[in-house]
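The values are calculated or read from the model by the stated rules, or taken from the named source; none is laboratory data. Note that the coordinates shown come from a computational prediction; the quantities given were computed from them, not determined experimentally. Cβ: placed from backbone, ideal geometry, glycine included. Neighbour counts: every protein chain shown.
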Amino acid sequence: MESNYSQELDTLLDIVYQNGASDLHLAAGRHPFIRVSGALTPVANYPELTPEDMIGLVTAFAGDEKASKLAELEEIDFAYAYGDKMRLRGNAFVQSGKISIALRTIQKIRTLADLRLPEALMQFTHAKQGFFLVVGPVGSGKSTTLAAMIDSINSERREHIMTIEHPIEYIHAEKQSIIDQREVGIDTKSFHAALESAFREDINVILVGEMQNPETIATAVTAAETGHLVFSTLHTNSAAQTIDRIIDSFPPQQEDQVRMQLSATLLGVFSQRLIPSLKGGLVPAYELLINTNAVANLIREKRTHEIDTLIETGSDHGMISMNRSLIELVRSGEISIDSAKEFSTNPAGMESMMQ
């Protein structure tokens, strides 16, 4: 490979752009791989990468300063703008003594309607305070959903919005609101430090890129209690599991207090998946929990195992169960019944609903 790695970078990202790929994987000793519509495919006509190539590419992506930290830290996060075509978030890491890079494309900010997400999410962009979580496994579109919700607030309300991310993914142009975007490791030392600082910065809306530890969770909940609208994410599979994960992250002597705080501040939990569509591309399936009085009681009374039942029967309150979402996708011809079973957290329950 040529030594001009900026040019090689453009070539690789052009391949991503032209194929509409969501991800790019680079590693020494193999061809580049791209992920298109959920499936990984080798770029067979591109030469195998060498260890020297990987050093050059990580420097081209992340810059000299961050690249120099890779040997010490063994992984680094970064973001990269490919002209006005696309933005990518990346992670470079060491495996078997060699550098690998994983990149995900960040599309332009889209509306909830463009993303085929339920209009019910709009109610949470109108709230003045509280705590709203978007959850799901890696690659399920959580950041994209939150970017759409923040953009809706930015378009409709005159607020001071703060995003705390690692790295910054979507760049928000100011519309009705003013927006400050802080990157952990560059603009602030940690999510927790930035959240603590936000109390002194006249913030109305806070986006926390990820709830990484109990300190961050506790401060976010306190922010919601004290008049802020807080959005964040967790890598969990359902709304009920999300609540348990938050509570279980605290020492036993603090759990009752956290239950009380969460029952009072939680607005809702949106769990989503991206599923390969029979019509091409990916289609979202989702679950929406809304914190009604009944849900708040279950949280306080340590009965979160009953939340799934409330979601199934809570359509009058605007709730949506994952099984109901999957069944609608099957009936509209978007996905196969096998895909629905694969992505359901309760396949037996889904089968009984379809009979």
**OP:** Go through the stretch 155-164 and give me each residue that's out of contact with any Leu (no Cβ under 6 Å at 6 or more places or on another chain) and either within 19 Å of A194 (Cβ to Cβ) or outside the structural domain of V134 (by TED's automatic domain parsing) (or both).
**Re:** E159, H160, I161, M162, I164
Original post:
Here are some conditions: (1) aliphatic (A, V, I, L, M); (2) in contact with a Ser or Thr (Cβ under 9 Å, 6 or more places away or on another chain); (3) within 26 Å of L289 (Cα to Cα); (4) not in a loop (DSSP other than H, G, I, E, B). A194 meets all but one. Which one does it not meet?
Top reply: (3)
**OP:** Could you please find all residues in the stretch 57-113 being basic (K, R), under 15 Å from H166 (Cα atoms) and more than 19 Å from the chain's Cα centre (by Cα)?
**Re:** K66
Original post:
Here are some residues: S96, S100. Which one is assigned by TED's automatic domain parsing to the domain that holds F61, at positive phi and of a type in the set (G, A, S)?
Top reply: S96
**OP:** Determine which single condition E215 fails, assuming it passes every other condition in (1) over 27 Å from I247 (Cβ atoms); (2) of a type in the set (D, E); (3) in contact with a helix residue (DSSP H, G or I) (Cβ under 6 Å, 6 or more places away or on another chain).
**Re:** (1)
Original post:
Q254 fails exactly one of the following numbered conditions: (1) of a type in the set (S, T, N, Q); (2) outside any helix (DSSP H, G or I); (3) loosely packed, with under 15 Cβ neighbours inside 10 Å. What is the number of that condition?
Top reply: (2)
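Which residue, of L262, L288, is within 24 Å of L121 (Cβ to Cβ), in contact with a strand residue (DSSP E or B) (Cβ under 8 Å, 6 or more places away or on another chain) and either part of a strand (DSSP E or B) or not assigned by TED's automatic domain parsing to the domain that holds V135 (or both)? Don't jump to the end; show me each part of the working.
Working: L262 fails: either part of a strand (DSSP E or B) or not assigned by TED's automatic domain parsing to the domain that holds V135 (or both).
So the residue among L262, L288 that is within 24 Å of L121 (Cβ to Cβ), in contact with a strand residue (DSSP E or B) (Cβ under 8 Å, 6 or more places away or on another chain) and either part of a strand (DSSP E or B) or not assigned by TED's automatic domain parsing to the domain that holds V135 (or both) is L288.
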Original post:
Does at least one position in the stretch 22-43 carry a residue that is farther than 21 Å from E165 by Cβ and assigned to a helix (DSSP H, G or I)?
Top reply: no
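When the stretch 54-102 is examined, which residues are found to be within 18 Å of I171 (Cβ to Cβ) and part of a helix (DSSP H, G or I)? Please lay out each step first, then the result.
From the stretch 54-102, those within 18 Å of I171 (Cβ to Cβ) are 61-63, 77-90; that's our starting set.
Within the stretch 54-102, F61, A62 qualify.
For the stretch 13-38, give me each residue that is without any contact (Cβ under 8 Å) to a residue 40 or more places away in the chain, touching a strand residue (DSSP E or B) at 6+ places or on another chain (Cβ under 8 Å) and not β-branched (V, I, T). Let's see the steps before the verdict.
Initially, the stretch 13-38 is screened for residues without any contact (Cβ under 8 Å) to a residue 40 or more places away in the chain, giving 14-15, 18-20, 30-36.
Checking which are touching a strand residue (DSSP E or B) at 6+ places or on another chain (Cβ under 8 Å) leaves us with 15, 19-20, 30-35.
Selection gives N19, G20, R30, H31, P32, F33, R35.
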Original post:
When you go through (1) crowded, with 19+ Cβ neighbours inside 10 Å; (2) of a type outside the set (F, W, Y); (3) over 23 Å from the mean Cα position of the chain (by Cα) one by one for M319, which number turns out not to apply?
Top reply: (3)
**OP:** Show the residue pairs that are 6+ apart or on different chains and have beta-carbon atoms under 8 Å apart, the first residue being within the stretch 101-118 and under 13 Å from A21 (Cα atoms), the second being among the basic types (K, R).
**Re:** L103/R89; R104/R89; T105/R87; I106/R87; I106/R89
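Take the residues of the stretch 103-112 that are at pLDDT below 90 and assigned to a loop (DSSP other than H, G, I, E, B): which is surrounded by the most Cβ atoms within 10 Å (Cβ to Cβ)? Give the steps one after another, and end with the answer.
Restricting attention to the stretch 103-112, the residues satisfying the condition of being at pLDDT below 90 are 106-108.
Next, from what is left, pick out any that are assigned to a loop (DSSP other than H, G, I, E, B): 107-108.
Values: Q107: 14, K108: 12.
Among them, the one singled out is Q107.
Say whether the condition of being touching a His at 6+ places or on another chain (Cβ under 7 Å) and loosely packed, with under 12 Cβ neighbours inside 10 Å is met by at least one residue in the stretch 37-53.
Scanning the stretch 37-53, I find at least one residue that is touching a His at 6+ places or on another chain (Cβ under 7 Å) and loosely packed, with under 12 Cβ neighbours inside 10 Å, so the answer is yes.
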Original post:
For the stretch 298-355, which residues satisfy the criterion of being in a helix (DSSP H, G or I), more than 21 Å from G136 (Cβ to Cβ) and of a type in the set (D, E, K, R)?
Top reply: R300, E306, D316, R331, E351
Original post:
Looking at the stretch 176-190, is at least one residue buried (at least 16 other Cβ atoms within 10 Å of the Cβ), in contact with a Ser or Thr (Cβ under 7 Å, 6 or more places away or on another chain) and on the phi > 0 side of the Ramachandran plot?
Top reply: no
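To keep it simple, each residue is scored yes or no on (1) over 19 Å from T242 (Cβ atoms); (2) out of contact with any Pro (no Cβ under 6 Å at 6 or more places or on another chain); (3) buried (at least 21 other Cβ atoms within 10 Å of the Cβ).
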| site | (1), (2), (3) |
| --- | --- |
| Q272 | no, no, yes |
| G281 | yes, yes, no |
| V295 | no, yes, yes |
| S315 | yes, yes, no |
| N323 | no, yes, yes |
| V330 | yes, yes, no |
| M354 | yes, yes, no |
